[in-house]
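Below: one structure, written as structure tokens.
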Amino acid sequence: MVTPLDIVKKKRAEAINRIVGKGYLSTKRVYVGMATCEIAAGSKEVMEVFQNAAKQGLTDVYLSQKGCAGRCNLEPTVEVVEEGKIPVKYGKVTPEMAAKIIERHLKNGEVIKEWVIN
Amino acid sequence: MDKKMITIYIDDKPYQVAAGQTVMQAADKVGFRIPRLCYHPKLSIEGACRVCIVELEGARNFIASCAYPVADGMKIRTNTPELRSARRDIVELILDNHPMDCHTCERDSNCELQRLAYSMGIRKRHFEGEMKHYEKDVSGVAVIRDPNKCILCGRCVRMCSEIQKTSVLGYAHRGFKTVVMPAYNMPFRDSSCTACGQCINVCPTAAFLEKDYTQELFKKLNDKSILKVAQCAPSVRAAIGEAFNIEPGRTMEKQLAAAIRRLGFDYVFDTQFSADLTIMEEANEFLERLQGKGKLPMITSCSSAWMKCLEQYHPDLIDHISTCKSPMSMQSAMVKTYFADKIKRDPKEILSVAFMCCTAKKYEAARPELEVNGMRATDLVITTRELAWMIKSAGIDFLAIKGEEFDHPLGLSSGAGTIFGTTGGVMEAAIRTAYELATGETLLDIEIGAVRGLQGIKEGKVVMDGKEIRVAVAHGLGNAAELLDIARKDPNRYHFIEIMGCPGGCVGGGGQPYANSNSIPLDEECLMKRAEALYTLDRNKTIRRSHENPDIQRLYKEFLGRPGSPASHKLLHTHYKQHFPVGIIPESLKQQKPAEPANK
Amino acid sequence: MPVSKYVITLCDGPSCMQKRSKQVKDVIKVELEKAGLADKVRVITSGCLGMCAKGLIMIVNPGYVIYGNVTEKDIPEIVEKHLLKKKPVARLLIEEDHLYNRFYRVFGDVNFFGKQMRIALRNCGIMDPENVDEYLALRGYEALAKVLTSMKPAEVAAEVKKAGLRGRGGAGFPTGLKWEFTAREKDPVKYLICNADEGDPGAFMDRSMIEGDPHTVIEGMIIGAYAIGAKEGFVYIRAEYPLAVKRLEKALADAKREGFLGDNILGSGFSFDIEIRLGAGAFVCGEETALIHSIEGSRGMPRPRPPFPAQSGLFGKPTVINNVETWANIPVIILDGADWFSSIGTEKSKGTKVFALAGKIKNTGLVEVPMGTTLRQIIYDIGGGIPNDKKFKAVQTGGPSGGCLPEKYLDTQIDYDSLAAAGSIMGSGGMIVIDEDSCMVNMAKFFLQFTQDESCGKCTPCREGTKRMLEILTRITEGKGVDGDIEKLERLGNMIKKSSLCGLGQSAPNPVLSTIKNFRVEYEEHIAAKKCRAGVCEGLVTYEINAKCVGCGACKRVCPTAAIAGSPKTVHVIDQAKCIKCGMCFKTCKFSAITKK
Amino acid sequence: MADTVVKTADPKMAELRKFMAEQKKTQYNDEASLIAILHKAQELYGYLSVEAMDEVAVTMKIPTAHIWGVATFYHYFCLTPKGKYVISVCLGTACYVKGADEIMSKIKDELKIKVGETTPDKLFTLQEARCLGACGIAPVMMINDKIYGTLTPKKVTEILNNYRKQG
């Protein structure tokens, strides 16, 4: 008999497959905070910068949104998660900074230390 | 009532009380009288005023005894220093936002808040500050509203929505700015208020009052150029004694006739006379309908609040309504025609005043369609309360006065006319006459128990000429709505329906004396006693059937011809039409909005 | 600095502290120095990681390698093998896969988060809230499946009861017990409500949770519905949160599509559906019975209890109401077990609590800490202390229903009972830090103004009493306070607390009573000396011009009452009799030449 | 029931009627859908007009006094038409501590209106908001859907001037 647990486990496998297909576990993932507070602080504009970059060929990056992690005074926040590395968290990101994060961090692998949240 | 008995401790003493009741109910039964304000036994529990708080052992806070159920072994304290202080502060807070004009207030010495403040020992205000300030709404012809006096106990709101089910009143806004008002804060005259006046009855203060016409009347009573003619409704005599601290249930009809005369009236007639007249017309109309001339069931039309309610909320039933005017309006019509003719006075020089138990009669009197020959038929309507005040104000010793009789030719009445004042009375009186009209025989078993009493909806049947006549009676507009729904679902269930707008019928009218310090508004026992007084009057009369009233017989002989004649149709019958109160007007029907009766 | 190659997180929870976490940390530093790794590895300590039985816990990132039962002796081996040779020390490895741990894989190296323990917020900030796939990948809906597969409804309620979870909305009623009461009712129709009418000014936990991880709340609700036998549930959410509503709608649609909601959930035969109901801006609707009235389409006015909603709630049916955070805890309790959950926190308060940290504090934001964490730890270790070297004055918890606690209470443990004993409440989780620049009388006035404005107006003590209290407070802040005002506030406050109909009224005087208790001197100064030491209450401030004045005349020009005199380039003077204390001169002066006293 | 929806020339009213007909089908009882319907009416018209409330009363058979009571109880409902730009100043604790009242009085000065009022040119309506949930950038205000953070009185003037220019 198929139990609900079996169904969910199957669904989970399928779900992971789906998002992996979109790059979920890819080497580079970028999460942009998109809660009300983050948007109020300007995260929509930041998100657009990343979205445009993705359209223009930043293909090895999985771009996603996330809810508020609770760092109100540092919003908008952006996380860059790379396999095998400590995830990097940027705070008070502006669209200009986002462009630099793409250039320096995502393309060249350089963590921009002075913007990292401690 | 084989409820489980449990033990509760009140102020450290054990008491056996029935389970399933509230702390307040239990305490009442064993001789405690916890102070209270928003509580009313006939209405839902509000728990808002917090005056009835008591201490419950184990509870962090005080509990409202009106709302808290008893439990076995619970320990209640009703009179600790902390509790007394809290209660006093609560009542004081109400007073701090209440006009301090007791001496000029209509409810002075008859105000629950005043009594409460006195018994709490409040002799000083500690927390004075901003007070609410609202316009008094005097737009209505019957009921006026003074939100400044309102203490937000919500009894009127519950009365209006739970008992009367008209939901005219509601809370608006919130917090300190909460006000009780009709929708959109519209003037009362434009609202769907039926003017039943029950809000006045249950209000502990003077937030609702009837529109006062006593000063106007006093002025006119001194006018020598006009003839002052009074009429007095049955239930006024059953209740006015209470305004003079007499136990409910003593009738004062002869004292009333005498006192009204001393006020300066030239003639004092009895509305019971035209109650008999109403029966003549109504019984005739019913028999006609039974013969297929008109719709069945036929529904009575004596109660003014009910008539406004019908026009607004039950327009589908307009064809079922008896076309008979109410006894008050029939009486006034006869005063300004038959009687004026008889004494050869210009009806324009006659002031027709009705003393009624009812606030809605003030509204009815102002209805344009009830005019007679272009004149207003009833010039002024004065409630029982107002009449009692006028008697006191005029220096008449009501209790010592020697009784007098009502005047002829519109003052003699049968017992049937008397019992009009209580729920089921119209039905009973109508059956007494209709039976004889239909069968030619006198109904011997004259007291119809099935339609008596305070049950919300009563059903009965009589066999008349071999045919079973099924009747039903409802009092209070909420019960009425319920009964009408039954009748709508089962159109052949009833032949005849009596509806009275107020709980208990006219004896419970919105213009009756306020409950005093020993009673509560709408007390069933009080209503029963008033009703019983009328039944006793009926029982002691030799003439107990309307058609046997010789003055009625004479009126038909001299003036109207027969029941249902063209003359009686002109003067004693009227018509009703759908009425759209502001707020519930469908877009498509807005143009057809009828004119409101003018504000007097 | 923070971009190290490795981050070692040492658990510094009470249990691990006993297992010498401090000493171990020192040893690590020494060993790193020896190995020449001192600047390549960061060592941080965190709050309880929830694996107390296997303490001392150490986590090495990246890779999220967990070591248990670590002692000083193990350190050289870990440094040698793991950090230098990149081979984990197998004998110390432990397998723990708690739901909440995921968060630390991303955020574990940040002090702000390291000291926290994220159960309700476990997915907030690490997943796309609009993508059910990401939730599923994080073991989403597994708790639901577990319940449907192997647990009877009564077992679910019992598990929650055993976990010791108490209502996170503020009152702290045991959740499992509430479920049992409701399940016990005979009526076949039962309802379930998620209270997301977050109204405390300065609190936004519920919004963040729904915006960040809506499925968790939904999953918790379905599990609750299964436990009590409800077929229908409601989320009552503020209309002021459009994004949260949008995400919740999306999540509900996804859950329905995936078969987690609706008829015959996952083939189990159990059916349940959830509907969203928008609030309309009434704080009092956070109160259970008011909320019920609001869903029923009425004014949100509370009614006396009993009967409790568990007996007679929505549409007169037995109803369970829990707030967002409570529901978000449920899937964790089911998957990680009541035993694990109840190992966190204090004796009577289990699990964690989310706070919205705001006010005069460096790191504002949402924090989730185990019960038993002290106020000091939150404010200084997580919040980073007071900015601009200002002095701490008080911390306000519980929003408008709570109280202000001064410095001496900073070591109070956060749990329902300790906070209450200190004179405040847990509340739904607002935490406002107040520094020396704030006036406590003015703070009390602010909160009372709020509750007074939000009073539904039904019961006398709250409607009339809070108004009078506010008038007295206003009078005091305007310098018109008189002798006896404090006593009047206390008298009214205590009466309102004990006599009001609902929780809003019963707690409305708390901010005033607690500030009187802890800062009575400030009240007395306002009344007797007409002085506001923080310089906040405008009516009590005096402005004076000091020697720094260059005589530019700017203040003179802005003064609306012509109270300032002086010729150019000389020191100006304020005529105190004319001054209306508007503060315009103070704001205008560019030379700090005007002092406020 | 849906068939009985009365046709009307007003497309907003048509939508409101359609919405009510749906509610009638799905809700526990008519009254339980009242707040949702009022939300809808406000969304369509921008405020709750007497006409809209009458319509609800007639269609849903809910006493007007009850509707009025609900409409006046909840702060979210607005009984008069609003201006083109609705300014909500957050007066939550975090904002208050950081000077929200100063922001509020600046706006009042600038617009010369009180809270709850609309400027005579119908451009601005001023409202109080409880927490807008953006405590990190307190003090904040929201103009229509856009949130402005870390405000100062000076910044407020600039922002308002920008809106004035747009008209």
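The values are calculated or read from the model by the stated rules, or taken from the named source; none is laboratory data. Since the structure is predicted, the reported quantities are computational estimates derived from the model, not experimental observations. Counting neighbours? That spans all protein chains shown, and the Cβs are built from the backbone with ideal geometry, glycine included. Heads up: the accessible areas ignore ligands, DNA and RNA and are worked out on the full protein's heavy atoms, side chains in. Shrake-Rupley method; radii C 1.70, N 1.55, O 1.52, S 1.80 Å.
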Which one is most open to solvent (accessible area, probe 1.4 Å), of the residues in segment C:447-459 that are in contact (Cβ under 8 Å) with a residue 12 or more places away in the chain and either assigned to a helix (DSSP H, G or I) or of a type in the set (D, E, K, R) (or both)? C:Gln449
Output for Cβ contacts, cut-off 8 Å, separation at least six or different chains, first residue in the same structural domain as C:Val41 (by TED's automatic domain parsing) in segment C:67-83, second aromatic (Phe, Trp, Tyr) and surrounded by 16 or more Cβ atoms within 10 Å (Cβ to Cβ), reads C:Asp74/C:Tyr67; C:Ile78/C:Tyr67; C:Leu83/C:Tyr6
Go through segment C:372-391 and count every residue that is more than 13 Å from every other protein chain (Cβ to nearest Cβ) and open to solvent by 10 Å² or more (accessible area, probe 1.4 Å). 9
Considering only segment B:308-326, state which residues are touching a Gly at 6+ places or on another chain (Cβ under 8 Å) and either more than 23 Å from B:Pro566 (Cβ to Cβ) or not acidic (Asp, Glu) (or both). B:Cys309
Answer yes or no: is there a residue in segment C:197-212 that is surrounded by fewer than 24 Cβ atoms within 10 Å (Cβ to Cβ), assigned to a helix (DSSP H, G or I) and more than 7 Å from chain A (Cβ to nearest Cβ). no
How many residues does segment C:556-593 hold that are under 17 Å from D:Pro153 (Cβ atoms) and in contact with a strand residue (DSSP E or B) (Cβ under 6 Å, 6 or more places away or on another chain)? 2
Please give the helices (runs of 4 or more DSSP H) falling wholly within segment B:265-366 in which 2 or more residues are of a type in the set (Asp, Glu). B:271-290
Please enumerate the residues belonging to segment B:180-191 that are buried (at least 24 other Cβ atoms within 10 Å of the Cβ) and part of a loop (DSSP other than H, G, I, E, B). B:Ser191
Looking only at segment B:182-191, which residues are under 24 Å from the mean Cα position of the chain (by Cα) and within 8 Å of another protein chain (Cβ to nearest Cβ)? B:Pro182, B:Ala183
Since C:Leu252 meets every condition but one in (1) over 12 Å from C:Trp327 (Cβ atoms); (2) surrounded by 19 or more Cβ atoms within 10 Å (Cβ to Cβ); (3) in contact with a helix residue (DSSP H, G or I) (Cβ under 6 Å, 6 or more places away or on another chain), which condition does it not meet? (3)
Would you mind telling me which numbered condition in (1) within 14 Å of chain A (Cβ to nearest Cβ); (2) modelled with pLDDT of 90 or more D:Ile147 fails? (2)
With the requirement that a residue be touching a Gly at 6+ places or on another chain (Cβ under 7 Å), within 14 Å of chain D (Cβ to nearest Cβ) and not aliphatic (A, V, I, L, M), what does segment C:262-286 give you? C:Asp273, C:Phe283, C:Cys285, C:Gly286
Testing B:Glu128 on (1) in contact with a helix residue (DSSP H, G or I) (Cβ under 8 Å, 6 or more places away or on another chain); (2) surrounded by 14 or more Cβ atoms within 10 Å (Cβ to Cβ), one condition comes back false. Which one is that? (2)
For segment C:132-144, state whether one or more residues are within 14 Å of chain A (Cβ to nearest Cβ) and closer than 30 Å to D:Glu128 by Cβ. no
Is one or more of the residues making up segment B:462-477 crowded, with 24+ Cβ neighbours inside 10 Å and assigned to a helix (DSSP H, G or I)? yes
Consider C:Met117 against the criteria (1) within 23 Å of C:Arg207 (Cα to Cα); (2) outside any loop (DSSP other than H, G, I, E, B); (3) not hydroxyl-bearing (Ser, Thr, Tyr): it satisfies all of them except one. Which criterion is unmet? (2)
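Here's the yes/no breakdown for (1) part of a loop (DSSP other than H, G, I, E, B); (2) in the same structural domain as B:Asp146 (by TED's automatic domain parsing); (3) at pLDDT below 95:
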{"residue": "B:Lys42", "(1), (2), (3)": "yes, no, yes"}
{"residue": "B:Gly47", "(1), (2), (3)": "yes, no, yes"}
{"residue": "B:Ala71", "(1), (2), (3)": "yes, no, no"}
{"residue": "B:Arg87", "(1), (2), (3)": "no, no, no"}
{"residue": "B:Ser109", "(1), (2), (3)": "yes, yes, yes"}
Exactly one of these conditions fails for D:Val115: (1) closer than 25 Å to C:Glu454 by Cα; (2) assigned to a helix (DSSP H, G or I). Give me its number. (2)
Condition check for C:Lys34: more than 14 Å from chain A (Cβ to nearest Cβ) and of a type outside the set (Gly, Ala, Ser): yes
What number of residues in segment B:237-290 are among the aromatic types (Phe, Trp, Tyr) and within 26 Å of B:Ala515 (Cβ to Cβ)? 1
Within segment B:17-34, is even one residue of a type in the set (A, V, I, L, M, F, W, C), within 30 Å of B:Ser161 (Cβ to Cβ), within 11 Å of chain C (Cβ to nearest Cβ) and out of contact with any Asp or Glu (no Cβ under 9 Å at 6 or more places or on another chain)? no
Filter segment C:1-25 for residues that are modelled with pLDDT of 85 or more and basic (Lys, Arg) and give the result. C:Lys19, C:Arg20, C:Lys22, C:Lys25
When only residues in segment D:118-141 that are of a type in the set (Ser, Thr, Tyr) and either crowded, with 22+ Cβ neighbours inside 10 Å or not in a loop (DSSP other than H, G, I, E, B) (or both) count, which is nearest to the other protein chains (Cβ to nearest Cβ)? D:Thr125
